[in-house]
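The values are calculated or read from the model by the stated rules, or taken from the named source; none is laboratory data. Owing to the predicted nature of the structure, the values given are computational and were not obtained by experimental measurement. Ideal geometry is used to build each Cβ from the backbone, glycine not excepted, and the neighbour counts take in all protein chains shown. With ligands, DNA and RNA removed, areas are computed over all heavy atoms of the protein, side chains included. Shrake-Rupley method; radii C 1.70, N 1.55, O 1.52, S 1.80 Å.
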Amino acid sequence: MTPLERLFALERFGIKLGLDNIRTILAELGHPERAWKSIHIGGTNGKGSVAAMVERGLRAGGLRTGRYTSPHLDRIEERVAIDGQAIDRATFEAVTAHVLETADRATAKGALNVPPTFFEVSTAIAFEIFRRANVDVAVVEVGLGGRFDATNVLTPEITAITSIAFDHERHLGHTLSEIAFEKAGIAKPGVPLVIGRLPPEAAARIASVAREVEAPIVDAHATTDRKYPPLTLALAGRHQLENAAVAVAILERWSNTASHLSTDAIVTGLTQCEWPARLEWLRVPPNGELLIDAAHNPAGAAALASYLQDTGSPKLPIVFAAMADKDLRQMIAALAPAAASFIATTVPHARARTADQLAAEIRRMISIPVESADSPVAAVTRALEESRRAVACGSIYMVGPLRARLLEGGATHI
């Protein structure tokens, strides 16, 4: 079994929230997470976009950067980037082999009592890659929650919570206050905690946690002491204005406490970052246009629908796939006003709804046409037969590979 096959085999252990395993593995590796400074970003939605903006701004300021995000779109090495570029397969495989060997030794001597999860090992791989690449700073996205997420072994320069909404309730709680408490677990004594615009219930809970650990809160919407020129964000959608405010607050705080960043560098972070599959238009041969978006929860679906409304789009066919643990009713309620029809599809994942199951559920919710297609590519073909323009959204496990297959087949960026 290759190192990558062994890594993916760890997915059978599912999600395990807790820090014992990752602390043990990192200690056995010689604490790679202490070799570089970090910025730790959590939240329900927007944390990947904020990470992309922040990393680009730091890089524009002359720093050597790492970025760790999840899940990946199509290839696992996309989770780990050095200076904005995904790590190469050979390096990822070599470090994976080293981390797995280290975990095996820790298990053999009794230091590791339960098998590590896929995400724990992936996190250790990223941190070791950053050490070997001699990065100055790594921008690290929380995987799930915050308090017991494997990334929460960091002692960062800055933490941030972009947004709070409902997602992963089984692990994080069924109220915004409970979810906020888990997200606020990344707060550290004396480390600035940047917060975006949050529901009052969530903001109050985060403020309470921050007071307990003596983490100073930085409101991303407080007045900045800099003047910025008029600019167009690289990432589309009204919600990116909120994400940009969080990114600016992080970068300004970094400039004040770690190393100086010019206003031009911060502007570059906002206007030249790249974050694929977020309101991304592709031209699909022969003459179709497809909007791809990883709207995988109700808040993401609402943001997508707002973008379509803001741009004056007519109702479009929507190719859609979702995991079984997602709040389908709320997602469809958000998307339905923008939909001419739904083409339900699926992905080969244990948590995925089948295309037929999904179509049947959607039909019970709305009265517009709903059909199913066995594969995302077939669903897109069907949607573009119906209309020159269409949307593909939902689970990133669908959106990412679909995007890659379309680009391989001749699709181009618009």
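Among what's in segment 59-82 and is more than 10 Å from the chain's Cα centre (by Cα) and in a strand (DSSP E or B), pick the residue that is nearest to Val267 (Cα to Cα). Among residues in segment 59-82 that are more than 10 Å from the chain's Cα centre (by Cα) and in a strand (DSSP E or B), the one nearest to Val267 (Cα to Cα) is Thr65. Residue count for segment 315-326 satisfying the condition of being open to solvent by 10 Å² or more (accessible area, probe 1.4 Å) and not aliphatic (A, V, I, L, M): 3.
The criterion of at least 1 residues that are of a type in the set (Gly, Ala, Ser) and open to solvent by 30 Å² or more (accessible area, probe 1.4 Å) is met by the following strands (runs of 3 or more DSSP E) wholly inside segment 327-414: 339-344, 370-372. For segment 4-27, the set of residues classified as surrounded by fewer than 19 Cβ atoms within 10 Å (Cβ to Cβ) and in a helix (DSSP H, G or I) consists of Leu4, Glu5, Arg6, Phe8, Ala9, Leu10, Glu11, Arg12, Phe13, Asp20, Arg23, Ala27, listed by residue number. Quick one: in segment 214-252, of everything that is part of a loop (DSSP other than H, G, I, E, B) and aliphatic (A, V, I, L, M), which residue is nearest to Ile158 (Cα to Cα)? Among those residues, the one meeting the criterion is Ala215. Within segment 282-298, the residues that satisfy the criterion of being under 25 Å from the mean Cα position of the chain (by Cα), open to solvent by less than 60 Å² (accessible area, probe 1.4 Å) and under 14 Å from Arg388 (Cα atoms) are Leu282, Glu289, Leu290, Leu291. Set side by side, the residues Ala81, Ala97, Ala52, Ala106 differ, and just one is touching a Cys at 6+ places or on another chain (Cβ under 7 Å) and small (Gly, Ala, Ser), which is Ala52. The single residue among Val50, Val114 that is among the hydrophobic types (A, V, I, L, M, F, W, C) and modelled with pLDDT of 95 or more turns out to be Val50.
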